[in-house]
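Let me begin by presenting the structure, written as C-alpha cells, before commenting on it.
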Amino acid sequence: MVGRASGAARRRRKPTMSPLVRRWVAWTIAGEMAGFGAPAVVGVLTAGSPTRVALPALVSAGAVEGLLLGAAQAHVLSSALPGLDVRRFALLTAGAASLAYLVGMLPSSTGWAGTDAPTALLVAAAVVGGIVLLGSLGTAQWLELRRHVTRGWTWILTTAGAWLVGLAVFMLVATPLWRPGQGVALAVLVGLVAALGMATTVAVLTGRAAQRLVDRAVVPRPGARLG
C-alpha cells in the first residue's frame with residue numbers, strides 16, 4: 001500500500017523544468033528584453049516620421065533585437081549542442097527579425113490595408129504576410145539547427161505558435177496603455193512592460209521544445225561530417 005501511494009504521489013507531482021529549460025527561459029527573456037530596447041526607442045522616436053525614415057530605422061532596430069535574442073538562445077543551446085555555430089545562429093535570427101519587422105510594417109507603410117483591392121486579395125496577402133512574419137525566426141534558426149538535430153523542422157511550428165501568442169500578449173498589454181501625446185520615456189516604458197510579457201510567454205512556450213531538440217541531437221560517427 002505504501003508503495004502504491006508513493007507511486008501515485010509521484011504521478012500527481014508536477015514535472016519540474018530541466019536545467020536547460022530553466023536556462024532557456026531566463027536567457028530568452030534577457031535576450032529579448034535587451035534587444036527590444038532598440039525598436040522600442042526607435043519606434044517612439046520615429047512615430048509620425050515619413051516612411052523613408054521610419055521603415056529602415058525600425059527594420060535595423062529589429063536586427064539588433066534579433067541579434068541579441070539569437071545570441072542568448074544560442075548560448076544556451078551551445079552547451080548541449082557543442083557544434084552549434086553561435087555566430088551563425090545569432091546572425092540568422094537577426095536577419096529573420098528584420099524580415100518580420102519589414103513584413104509587419106508593409107501594410108501601414110504602403111497604404112495597402114486602406115486600398116480598394118478585392119477582399120480575397122487582401123485576405124490572401126494577410127495570410128501570406130502572417131506566415132512569413134510568424135515563421136521567419138523559426139525557419140532561420142532551423143537552418144543552423146538542422147545540422148545538429150533530427151526533425152528540426154518542428155522548431156518552425158513551435159516558434160510560430162509561441163510568437164503568435166506572445167504578440168497577442170504584447171498587444172493586450174500595450175494597446176490600452178499607449179496614449180496620444182505621451183512622453184518618450186513613458187511610451188518606451190509601456191513598450192518594455194508589454195515586451196516583458198511577450199518575452200516571458202515565448203520563452204515558456206518554447207522551453208520544453210528546446211529540450212526536445214537537444215534530446216534529438218545527432219551524434220556523428222567517428223570521421224563523419226554533418227550537414
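Rule-based calculations on the coordinates, nothing more; no lab input. Fair warning: this is a prediction, and the values are worked out from it, not measured in the lab. When we count neighbours, we look across all protein chains shown, and the Cβ atoms used for this are built from the backbone with ideal geometry, even at glycine.
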Self-check item: Dipole-positive endmost among Thr206, Pro180, Ala195 within segment 19-215 (Cβ charges, Cα centre)
Solution: Thr206
Quiz item: Between Leu143 and Leu186, what length in nm is gained on full extension when 0.36 nm per residue of separation is reduced by their alpha carbon distance?
Solution: 11.6 nm
Quiz prompt | Dipole moment magnitude, nearest 20 debye, segment 19-215 about Cα centre, only Lys, Arg, Asp, Glu C-beta charged | solution = 380 debye
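Could you give the length gained by full extension between Thr175 and Leu45, i.e. 0.36 nm per residue of separation minus their alpha carbon distance, to one decimal place?
Working: separation 130, 0.36 × 130 = 46.80 nm, distance 1.77 nm.
Gain in length upon complete extension: 45.0 nm.
Can you bin segment 19-215 into rounded, prolate or oblate? Criterion: square roots of the alpha carbon gyration tensor eigenvalues sorted a ≥ b ≥ c, rounded for a/c under 1.5, prolate for a/b above b/c, oblate for the rest.
Details: a/c = 1.95, a/b = 1.46, b/c = 1.34.
It comes out prolate by the Cα gyration axes.
How high is the relative contact order of segment 19-215, given as a whole-number percent (alpha carbon pairs under 8 Å, six or more residues apart)? Each step should come with its number before you reach the end.
Working: 262 pairs, mean separation 52.7, N = 197.
About 27 percent, as a whole number.
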Exercise. Name the residues whose placed amide hydrogens come within less than 5 Å of the amide hydrogen of Leu84, ignoring near sequence neighbours (fewer than 5 apart) on the same chain.
Key: none
Practice problem: Tell me the label-point distance for the pair Thr16, Trp153, using the 7 Å Cα-to-Cβ offset, in nm and rounded to one decimal. | Solution: 3.7 nm
